[in-house]
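These notes are about the structure you will find just below.
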Amino acid sequence: VGGNKDPDVYVGSIDVITGADSKKVSVVTTVRSKEALFDISVDIPRKYKKLLPGDELFAQLNLLNLGEVGKVDVDIEYIIKDFEGNEILSQNEFVAVETTLSHFKILNLPSDIAYGDYLLIANVKYGDVSSAASDQFEVVSDKTDWWLIFLIALFIILMILAVIFFRK
């Protein structure tokens, strides 16, 4: 991202071509205000990294007030974007922050959301200054952990073989 961009999280993709193969690589760039008043992080727990359409997306937001002394009210905008830059969902809330804030947020995904990779962006605004952070998740058609089912089935087979073997 070049030039003078407004503070925000910018998404896109790069096509990487090697011989006959090509692969799309997702790119995320965060542009911050020159005078940041908040250090911000957003984290989607592993359990919520793969979701079905209509599922709840759970995220933890951590804020550290770097500037103002005392309690201030900030506007937090939560945005879900795809990697083409299309905004899928947007929600705002106001919260009070004194020094630090650890805040949990649940967003309901649309039931008609397409399968693919998405970005949750949390943008904290106070006056004309903003800070943003993001985390990635995926909308899938089936979130069955087949490797876990395989391990459980293997364990059951081994237990049956052990019972048969030690019975003799």
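The values are calculated or read from the model by the stated rules, or taken from the named source; none is laboratory data. Quantities reported herein were computed from a predicted structural model and do not represent experimental measurements. In this analysis, Cβ positions are derived from the backbone assuming ideal geometry, glycine residues included, and neighbour counts consider all displayed protein chains. We work out accessible area using only protein heavy atoms, side chains counted, and drop any ligands, DNA or RNA first. Shrake-Rupley method; radii C 1.70, N 1.55, O 1.52, S 1.80 Å.
Given the options Ile76, Ser22, Phe165, identify the residue whose Cα lies farthest towards the positive end of the charge dipole of segment 17-168 (+1 on Cβ of Lys, Arg; -1 on Cβ of Asp, Glu).
Of Ile76, Ser22, Phe165, it is Phe165.
Per q in 0.18, 0.20, 0.23 1/Å, what log10 I(q)/I(0) does a Debye calculation on the alpha-carbon atoms of segment 59-135 return?
Computed log10 I(q)/I(0) values: -0.75, -0.88, -1.08.
Quick one: of Lys23/Lys50; Lys71/Lys105; Lys24/Lys81, which pairs are farther than 27 Å apart, Cα to Cα?
On the way: Lys23/Lys50 21 Å; Lys71/Lys105 21 Å; Lys24/Lys81 17 Å.
Distance filter (> 27 Å) returns an empty set.
To the nearest 20 Debye, how big is the dipole of the chain about its Cα centre, given +1 on the beta carbon of each Lys and Arg and -1 on that of each Asp and Glu?
Numbers: 16 positive and 25 negative charges, 217 e Å.
In debye, rounded to 20, the chain gives about 1040.
Please list, ordered by chain and number, the residues whose modelled amide H lies under 5 Å from the amide H of Val72; skip anything fewer than 5 residues away on the same chain.
Amide H to amide H, under 5 Å and 5 or more residues apart or across chains, Val72 pairs with Val97, Glu98.
Counting only helical runs of four or more DSSP H residues, what would the 222 nm mean residue ellipticity of the chain come to if each run contributes -39,500 (n - 2.57) and the total is spread over all its residues?
-4500 deg cm²/dmol
Quick one: which residues, 5+ away or cross-chain, put their amide H under 5 Å from the amide H of Ser130? H built at 1.01 Å from N.
Ser33
Which percent of the accessible area of segment 42-86 is formed by carbon and sulfur heavy atoms (probe 1.4 angstrom)?
On the way: 1040 of 2300 Å².
Of all accessible area on segment 42-86, carbon and sulfur atoms account for 45 percent.
Using amide H atoms built in the peptide plane, which far-off residues or other-chain residues are under 5 Å from Ser13 H to H?
Val27
Calculate, for segment 12-168, the solvent-accessible area per residue in square angstrom, rolling a 1.4 angstrom probe over the heavy atoms of the protein chains.
Values: 10040 Å² over 157 residues.
Result: 64 Å² per residue.
With a cut-off of 8 Å between alpha carbons and a minimum separation of six or more residues, what is the relative contact order of segment 39-113 in percent?
Values: 133 pairs, mean separation 29.6, N = 75.
Worked out over segment 39-113, it gives 39 percent.
Report ³J(HN,Hα) in whole Hz for each residue of segment 123-135, in order, from the Karplus equation J = 6.51 cos²θ - 1.76 cosθ + 1.60 where θ = phi - 60°; Gly and Pro get x.
10, 9, 10, 9, x, 9, 10, 9, 9, 9, 8, 8, 8
Taking every pair of alpha-carbon atoms in the chain, give the share separated by more than 21 Å as a whole percent. Spell out each step's value before the answer.
Working: 8254 of 14028 pairs.
Beyond 21 Å sits 59 percent of the P(r) for the chain.
Given an 8 Å cut-off on Cα distances and at least 6 residues of separation, report the relative contact order of segment 23-168 as a percent. All intermediate terms of the calculation are to be shown ahead of the outcome.
Values: 287 pairs, mean separation 42.7, N = 146.
Averaging sequence separation for qualifying contacts and normalising by length gives 29 percent for segment 23-168.
If you rank Lys50, Lys71, Lys105, Lys125 by how much accessible surface each has, with a 1.4 Å probe, what is the order from largest down?
On the way: Lys50 105, Lys71 145, Lys105 30, Lys125 70 Å².
Solvent-accessible surface, decreasing: Lys71, Lys50, Lys125, Lys105.
As I understand it, the value is the acute angle between the Cα axis of helix 146-167 and the longest principal axis of the Cα atoms of the chain; what does it come to in degrees, rounded to 10?
30
Once phi is turned into ³J(HN,Hα) by the Karplus curve 6.51 cos²θ - 1.76 cosθ + 1.60 with θ = phi - 60°, what whole-Hz value does each residue of segment 90-96 show in order, with x for glycine and proline?
9, 9, 10, 8, 9, 9, 9
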